[in-house]
Amino acid sequence: LNYQTAQFLTSAPTLAQCPPDSGAEVAFAGRSNAGKSSAINTLTRQKALARISKTPGRTQLINFFTLGDDVERRLVDLPGYGFAKVPEQVKLEWQRHLSDYLQRRASLRGLVLVMDVRHPLTEFDQTLLGWADDKAMRVHILLTKADKLKRGPAASALQQVRSRLREWEDLVSIQLFSSLKGQGIEEAHARLDDWLLD
Ligand code: GDP
């Protein structure tokens with residue numbers, strides 16, 4: 001698939017307002033600041049597809065992108081999580097929308113979970129993995145900002161995450177990624193192709 005043709009389709013605050021649940025889509029999730037927007041922009045070779053405007057406390061939207069004009073193949077940018085300053089009430093609300101989306105969206109073929117290679121598997125990352133597991137949803141983990149570590153430490157971070165997720169190895173795949181260096185693009189594209197063309 002040609003990811004460079006990705007274009008904005010629509011934003012939705014809740015599952016009910018999402019576009020029709022047909023065809024296939026892959027959703028990107030991650031803790032705020034993990035590098036999710038950069039990863040989406042890198043994978044689509046666009047500078048500002050996933051806008052880097054994330055004001056804590058503002059309504060968080062689920063953003064949909066189509067590949068070219070094909071509304072049946074979509075990339076989805078889920079709200080980032082983990083803003084410390086957000087009131088508990090708002091946090092719970094986001095979590096409910098995220099869990100609704102993950103559990104009920106029939107066209108969702110897989111979840112790309114973006115983690116900073118230096119801070120993988122936060123508590124909420126693990127919650128998301130649990131939701132994915134409940135639905136037997138496939139998850140591909142991008143350990144991003146890999147350029148921040150030397151080759152050896154990056155490889156051992158990858159091994160550590162692999163071994164912590166060994167019980168889920170049927171559903172979960174993991175790779176190193178760097179938006180800054182363009183590392184891991186082909187591997188990630190191959191996974192997306194696999195899911196979206198399935
Ligand atoms: P998001 O909140 O998960 O969407 O994160 P962003 O994509 O906005 O990235 C958060 C910060 O990390 C920004 O300052 C980015 O420039 C930086 N960043 C993102 N990806 C990389 C990467 O691969 N390498 C490095 N060195 N910095 C990155």
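Since every read-out is calculated from the coordinates, none of them should be taken as a lab result. Given the structure is predicted, the values throughout are model-derived calculations rather than measurements. Counting neighbours? That spans all protein chains shown, and the Cβs are built from the backbone with ideal geometry, glycine included.
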Which pairs have Cβ atoms under 6 Å, sit 6 or more apart or on different chains, and link a residue in region 87-99 that is under 17 Å from Q126 (Cβ atoms) and touching a residue at least 24 places away in the same chain (Cβ under 8 Å) to one that is surrounded by 16 or more Cβ atoms within 10 Å (Cβ to Cβ) and not hydrophobic (A, V, I, L, M, F, W, C)?
-> W94/Q60; W94/P79
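Going by the conditions given, is D147 touching a residue at least 12 places away in the same chain (Cβ under 8 Å), in a helix (DSSP H, G or I), within 12 Å of the ligand (Cβ to nearest atom) and at negative phi? Let's see the steps before the verdict.
On the way: touching a residue at least 12 places away in the same chain (Cβ under 8 Å): yes; in a helix (DSSP H, G or I): yes; within 12 Å of the ligand (Cβ to nearest atom): yes; at negative phi: yes.
The answer is yes for D147.
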Considering (1) within 16 Å of the ligand (Cβ to nearest atom); (2) touching an Asp or Glu at 6+ places or on another chain (Cβ under 9 Å), say which one L78 fails and leave the rest.
-> (2)
Here are some conditions: (1) surrounded by fewer than 20 Cβ atoms within 10 Å (Cβ to Cβ); (2) assigned to a loop (DSSP other than H, G, I, E, B); (3) of a type outside the set (D, E). P79 meets all but one. Which one does it not meet?
-> (1)
Would you point out which residue out of L98, L128, L102 is in contact with a Pro (Cβ under 8 Å, 6 or more places away or on another chain), of a type in the set (A, V, I, L, M) and under 25 Å from G184 (Cβ atoms)?
-> L98
Region 5-47, residues that are within 19 Å of P79 (Cβ to Cβ), within 16 Å of the ligand (Cβ to nearest atom), in a loop (DSSP other than H, G, I, E, B) and of a type outside the set (S, T, Y) | N33, A34, G35
Of (1) crowded, with 20+ Cβ neighbours inside 10 Å; (2) under 16 Å from the mean Cα position of the chain (by Cα), A146 fails just (2)
